[in-house]
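Participant: Pasting a structure below so you can have a look.
The values are calculated or read from the model by the stated rules, or taken from the named source; none is laboratory data. Note that the coordinates shown come from a computational prediction; the quantities given were computed from them, not determined experimentally. With ideal geometry, Cβ positions are generated from the backbone for all residues, glycine too; neighbour counts draw on all protein chains shown.
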Amino acid sequence: MPDLDLSRYLDLFVSEGREHAAALGAALLELDASPSSVDAITRAFRAVHTVKGMAAAMGFDALAERAHVMESALDPVRAGSERMTAPLLAHLLEEADALARGVEEIAHPVDASAATGITTSAPSADATGGADVPRTAGVDAERYVRVRANRLDALTDLAAEVDIALRALDRALPANARSAPDDPVRLALGDTLRAFRELREQILTTRMVPAGQLFSRFPRLVRETARTLGKDVDFVLDGGEVELDRSVLDQVGDPVMHLLRNAIDHGIESPDARERAGKPARGRLTLSVQREAGFAVVRVADDGRGIARDAVRARAIASGVLPSDAATLDDAALLHVLTRAGFSTADHVTEISGRGVGLDVVDAAASGLGGTLELRTVEGRGTAITLRLPLSVAVVRALLARVGNETYAIPFTHVEETLALPDPAEPIEAGAPPMVALHDRLAAGAPSPRRGSRGEGVTVRARGRRVTLVVDEFVGQQDVVVKRFDVPRGATIPFAGATVLADGAPALIVDVNAIV
Amino acid sequence: MPHTVLVCDDAVFMRTMLSDILQQAGFTVIGEADTGAVAVEKYKQLRPDLVTMDIVMPDMGGIDAVREITAFDPNAKVVMCSAMGQQALVVDAIQAGAKDFVVKPFQPSRVLEAVERVIG
């Protein structure tokens, strides 16, 4: 008999796959509350097992394999030979999210084929979870091809190298050729640069996927978390069509998940408390993505109780983070305190936020992507936390600044303005951000190259603070390709990575978050 | 007269796919069951020529269902449908009275081969 036409079963696969993914999540959350529940472990196992069988039948091998691995982890617990532990459960919850995402990516073949499992700088464990593309998905199927992630990476790397070579060529152009309007070398080089810019744009575009892929895992999470905590929450998604680099998307998923959990746990009040406060019993939680001037802005906003500034201040004073005479905290100062590792205002550790997740983790993730974190909160009205991220981590537009013999790249995400520094004798304008010599922040202890001469300044913003960095001079601006380096866990260095400039010289990329 | 089949699986998806394979080959699917208990009940009621039985199902699993069905009708013809990595369970199922098994993902030809061999 002829092969089955699998496309006929796709809708059924998706709807039933969603059901089982949801059942799996619910069972795991139940195990979180009562780890020895035989009923919950049995339901979790069955859901995973069913998804495995269905995915295998459809030829979605990556999804089937993921389910198989989960099933193998669940089996000894079900059989009673192993106990459910907190780390195992945390792992399973993550895997369950990846599984749900895999089903969603199959549900939206356009997304799925765009998401060819690109895992560049941070191959998170779940990045390949949904790399299955319906082979027989009828519409649009022939318009997409699956591409190995490492081939796309190779293209990106090659583009970066061609970029550097072309810039060097441009610089090497003799002055007389540069000034002659019809010099054939100059014209050909101009054409090449234009075509190359287009080519690079196209290569970067192939790495972009809609943020909706990030969103698909959250409705269930929000629902289950709200249910566990006895909260009533309307979850609003906005901007799912905005495209981001897959590696940015992969890395922003967990921070967003933590923000959502925090908002439900600590932000949104119980229905009773909301009614007493004259608010609708049902809280509102919004996750939105927007594109703003070349950046992706991801925002998690709730209409809950807001952050208690005075409680944070008192706690910060008590723990020595702030001096005892500290004034009321504004949003920036509040964020600064809240992003200190381990700082928490929760009176007791709850089931949900007790995973040791604080704003410090979210802040670190934003910094790692070359982005920033912003906070706005009004007591009694709600809190909004905004992640401002580059659309792509592979390439960052940066201001190049010389300090002594070194050139440093300062990502534009953080730059507010550049300025010629006033005469040191003149009084500093009131309210102006503090001035800091970049050299002092980067090479503490080393002698300053030269002092007293007038330099240039750049006002940067990070963690809600503004600082004017003093450098010797600005030497230009450039899209730099970020090469991250491995830093031992716990170590802090003031650099986000390194890059190679047009003239072939290496430059360090300043991690503005680390120095303001 | 075409042979009649009872298809037992907790996933609608799997039941639909299996039913299609069997019907295209000329079988009549006279019933479906989504739990082991329903399978036993429908077997008694419909007396199908053949049963396809998933192993992992809620309520009562496939192996217990086979045991009850063969206790009711020693000549019942049951083909187990197991997923990868359940070889040990297949042995249990055969001991419980199943006549053959197919492994998911199904290849239509393999399903029909097993089914036809069992029906003889």
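Participant: Kindly provide the set of residues from segment A:213-244 that are closer than 23 Å to residue A:24 by Cβ, assigned to a loop (DSSP other than H, G, I, E, B), of a type in the set (D, E, K, R) and out of contact with any Asp or Glu (no Cβ under 7 Å at 6 or more places or on another chain), ordered by number.
Facilitator: Listed by number, the list holds a single entry, A:231.
Participant: Please determine, by comparing only the residues of segment B:76-116 that are among the basic types (Lys, Arg) and surrounded by 18 or more Cβ atoms within 10 Å (Cβ to Cβ), which one is nearest to residue B:29 (Cα to Cα).
Facilitator: B:77
Participant: Under 6 Å by Cβ, and 6 or more places apart or on different chains, what pairs join a residue from segment A:270-290 that is more than 14 Å from residue A:382 (Cβ to Cβ) with one that is among the hydrophobic types (A, V, I, L, M, F, W, C) and part of a loop (DSSP other than H, G, I, E, B)?
Facilitator: So the pair list comes out as A:271/A:281; A:275/A:281; A:289/A:211; A:289/A:242.
Participant: I would also like to ask the following. Return the residues of segment A:70-86 that are at the interface with chain B (Cβ under 8 Å from one of its Cβ atoms) and of a type in the set (A, V, I, L, M); say none if nothing qualifies.
Facilitator: Result: no residue meets the conditions.
Participant: Looking at this structure, is residue A:109 modelled with pLDDT under 85 and either closer than 27 Å to residue A:250 by Cβ or within 14 Å of chain B (Cβ to nearest Cβ) (or both)?
Facilitator: So residue A:109 passes the test.
Participant: With respect to residue A:281, determine if the residue is surrounded by 16 or more Cβ atoms within 10 Å (Cβ to Cβ) and either among the basic types (Lys, Arg) or assigned by TED's automatic domain parsing to the domain that holds residue A:379 (or both).
Facilitator: So residue A:281 fails the test.
Participant: Residue A:67 - would you say it is within 11 Å of another protein chain (Cβ to nearest Cβ), under 26 Å from residue A:212 (Cβ atoms), modelled with pLDDT of 90 or more and within 28 Å of the chain's Cα centre (by Cα)?
Facilitator: Considered against the rule, which asks whether it is within 11 Å of another protein chain (Cβ to nearest Cβ), under 26 Å from residue A:212 (Cβ atoms), modelled with pLDDT of 90 or more and within 28 Å of the chain's Cα centre (by Cα), residue A:67 comes out as yes.
Participant: Next question. In segment A:69-90, what count of residues is obtained for those that are in a helix (DSSP H, G or I) and closer than 16 Å to residue A:47 by Cβ?
Facilitator: 10
Participant: Here is a follow-up. Inside segment A:1-19, can you point out the residues that are without any contact (Cβ under 8 Å) to a residue 40 or more places away in the chain and within 32 Å of the chain's Cα centre (by Cα)?
Facilitator: Hits for segment A:1-19 are A:11, A:15, A:16, A:19.
Residue-wise test of (1) within 27 Å of residue B:17 (Cα to Cα); (2) of a type in the set (Val, Ile, Thr); (3) over 31 Å from the mean Cα position of the chain (by Cα).
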| position | (1), (2), (3) |
| --- | --- |
| A:42 | yes, yes, yes |
| A:56 | yes, no, yes |
| A:62 | yes, no, no |
| A:73 | no, no, no |
| A:89 | no, no, no |
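Participant: Taking residue A:11 as meeting all but one of (1) modelled with pLDDT under 85; (2) assigned by TED's automatic domain parsing to the domain that holds residue A:106; (3) part of a loop (DSSP other than H, G, I, E, B), write down the number of the exception.
Facilitator: Condition not satisfied by residue A:11: (3).
Participant: Still on this structure, please answer the following. Which ones in segment A:10-48 are farther than 11 Å from residue A:103 by Cβ and either facing chain B (nearest Cβ under 9 Å) or aromatic (Phe, Trp, Tyr) (or both)?
Facilitator: Of everything in segment A:10-48, those that are farther than 11 Å from residue A:103 by Cβ and either facing chain B (nearest Cβ under 9 Å) or aromatic (Phe, Trp, Tyr) (or both) turn out to be A:12, A:42, A:43, A:45, A:46.
Participant: Moving to a separate point now. Suppose we keep only residues that are in contact with a helix residue (DSSP H, G or I) (Cβ under 9 Å, 6 or more places away or on another chain) and aliphatic (A, V, I, L, M) within segment A:194-212. Which one would you say is modelled with the highest pLDDT?
Facilitator: Checking each candidate, the answer is A:199.
Participant: Checking residue A:232 against (1) surrounded by fewer than 21 Cβ atoms within 10 Å (Cβ to Cβ); (2) under 21 Å from residue A:376 (Cα atoms); (3) touching a Ser or Thr at 6+ places or on another chain (Cβ under 9 Å), which single condition isn't satisfied?
Facilitator: Every condition holds for residue A:232 apart from (2).
Participant: For segment A:46-82, what are the residues that are surrounded by fewer than 21 Cβ atoms within 10 Å (Cβ to Cβ) and among the hydrophobic types (A, V, I, L, M, F, W, C)?
Facilitator: A:62, A:69, A:73, A:79
Participant: Pick out the one residue from A:22, A:55, A:44 that is out of contact with any Leu (no Cβ under 6 Å at 6 or more places or on another chain) and either free of Cβ contacts under 8 Å to residues at least 60 places away in the same chain or of a type outside the set (Lys, Arg) (or both).
Facilitator: Residue meeting the stated conditions: A:22.
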